[in-house]
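Student: I'd like to ask you about the structure that follows.
The values are calculated or read from the model by the stated rules, or taken from the named source; none is laboratory data. Nothing here was measured: the structure is a model prediction, and the numbers come from that model. Note that we place each Cβ from the backbone using ideal geometry, even for glycine, and neighbour counts take in every protein chain shown.
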Amino acid sequence: MTDAKPHLDILLCSPRGFCAGVDRAIQIVELALERYGPPVYVRHEIVHNRYVVDGLRAKGAVFVEELSEIPETDLPVIFSAHGVAKAVPSEAARRNLFHLDATCPLVTKVHREAEIHQRRGREILLIGHAGHPEVIGTMGQLPDGTITLIETEADARAVRPGDPENLAFITQTTLSVDDTAAIVAILRERFPGIVAPHREDICYATTNRQEAVKLVAHEVDAMIVIGAPNSSNSQRLKEVAERAGCPYAVLLQRAADIDWSRFGDVTSLGITAGASAPEVLVEEVIDAFAERRQVAVRMVSAAEESVTFNLPRALRAAAE
């Protein structure tokens, strides 16, 4: 008679995984392949997830970092969900490339805010992470030097705007809610008249996923965040879990990455997924634990999500 598997409680965060912007971006690539046939060119990873990118590549998507890598073609060129600098569609137009914009509408909202602030003569501070594609795209909406990047509380304390009475801030959509609030508090203290976004720039999906992690983190021995290392919102989920009291939190791309030596004494496990991680990878991780443990799964929900975004006009008929 074999020993029974040890018990494991899994607390599954909800919401988790794909957000409306990611879902739309992936759908744009799939519908473009269906309507126009391969190859469809995609500038940068459509979303930050290797499994998703590899799956689209297998269907005929060709991923490039710059438009200069794309040959002359009348097939679609797609811009990623993270958004691009204005120079990118301008170059596409100059080369007569047919392009489809998969930028998340909530990122586009931040772009429009930046333009409005500039038209009203305000200096602009962008709270975000240097080098992230979304930040590059947002800063690229306006001439160089128009937007100042604020990454940390120290940056917020050190920044010296030319006109402190005529200042606005915007943010990357995938930041830590708590970290951003701390930075904003410093800016408001130093510059009481600073103009904030009309509505929060950190997107609903980022906020909801972080809230779900906070509900779970203090109840479990460990937390797994399924997502890519270059995914900002996934990295933030790991940090949120650690700050909320989880003894061990780890970011994994999929089940094959699990270091089983770290989970031997774990009796309760939290699982969530970044906004660009598909549910199949969540199921894969749960199945991997179920092979070794007697698993009981309980859902912990922080919010219900029903957001959807329209597809580009060129693809709406294909979707129908």
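Student: So how many residues does the range 184-219 have that are touching a Gly at 6+ places or on another chain (Cβ under 9 Å) and either under 22 Å from residue 138 (Cα atoms) or outside the structural domain of residue 246 (by TED's automatic domain parsing) (or both)?
Tutor: Adding up the residues that qualify gives 2.
Student: Next question. Those residues that are more than 18 Å from residue 315 (Cα to Cα) and in contact with a Leu (Cβ under 8 Å, 6 or more places away or on another chain), I need them from the range 87-124; list them, please.
Tutor: 88, 91, 92, 95, 114, 115, 118, 122, 123, 124
Student: Just give me the residues in the range 277-320 being small (Gly, Ala, Ser) and surrounded by 12 or more Cβ atoms within 10 Å (Cβ to Cβ), in sequence order.
Tutor: Of everything in the range 277-320, those that are small (Gly, Ala, Ser) and surrounded by 12 or more Cβ atoms within 10 Å (Cβ to Cβ) turn out to be 277, 288, 290, 301, 302, 303, 314, 318, 319.
Student: Can you list residue pairs whose Cβ atoms sit under 7 Å apart, with the first residue in the range 118-133 being free of Cβ contacts under 8 Å to residues at least 40 places away in the same chain and the second being in a loop (DSSP other than H, G, I, E, B)? Count only pairs 6 or more apart in sequence or on different chains.
Tutor: Close Cβ pairs (under 7 Å, with a partner that is in a loop (DSSP other than H, G, I, E, B)) amount to 118/142; 118/146; 130/151.
Rundown of residues vs (1) at pLDDT 95 or above; (2) in contact with a strand residue (DSSP E or B) (Cβ under 9 Å, 6 or more places away or on another chain), yes/no style:
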| site | (1), (2) |
| --- | --- |
| 2 | no, no |
| 16 | yes, yes |
| 32 | yes, yes |
| 48 | no, no |
| 76 | no, yes |
| 79 | yes, yes |
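Student: Please determine, by comparing only the residues of the range 94-117 that are without any contact (Cβ under 8 Å) to a residue 24 or more places away in the chain and out of contact with any strand residue (DSSP E or B) (no Cβ under 8 Å at 6 or more places or on another chain), which one is nearest to residue 18 (Cα to Cα).
Tutor: 112
Student: Look at the range 122-162 and say how many of its residues are among the acidic types (Asp, Glu) and assigned to a strand (DSSP E or B).
Tutor: 1
Student: Of a type in the set (A, V, I, L, M, F, W, C) and either surrounded by 24 or more Cβ atoms within 10 Å (Cβ to Cβ) or under 19 Å from the mean Cα position of the chain (by Cα) (or both), is that true of residue 184?
Tutor: No, not satisfied.
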